[in-house]
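K.L.:
The structure under discussion is supplied below as structure tokens; questions concerning it will follow.
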Amino acid sequence: MPKAKTKSGAKKRFTVTGSGKIKRKSAYKRHILTKKATKRKRHLSNDSLVHKSDVKSIKAQLLASA
């Protein structure tokens, strides 16, 4: 049986913390930033955790690297 490969898109988007939670970046901070408030852009800069309903599928995508 061949080695299981990590989904390269997931590898670039998510990181696993020391306690096993999955961290992600916020969306809506790539372009068209002039109309967004400074406070909104600042809060979008922060990392957040993946919702618990999505954790199982993302861990499966990160299988080979975890």
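Readers should treat all values here as calculations from the given coordinates under stated rules, not as data from a laboratory. Computed from a prediction, not measured in an experiment: that's the story for all the values here. All Cβ positions, even for glycine, are placed from backbone atoms using ideal geometry, and neighbour counts span all protein chains on display.
K.L.:
In degrees between 0 and 90, to the nearest 10, how far off the longest principal axis of the chain does helix 52-61 point, with axes built from Cα atoms?
P.N.:
Helix 52-61 sits at roughly 50 degrees to that axis.
K.L.:
Tell me the label only: which of (i) 22, 19, 9; (ii) 29, 13, 9; (iii) 23, 13, 11 is semi-axes √(5λ) of the Cα gyration tensor in Å as calculated from this structure?
P.N.:
(ii)
K.L.:
Right, something else. Using 12 Å as the cut-off for backbone N distance, which residues of segment 1-35 belong to the label zone defined by a point 7 Å from the Cα of Leu44 along Cα→Cβ?
P.N.:
Those under the cut-off are 26-35.
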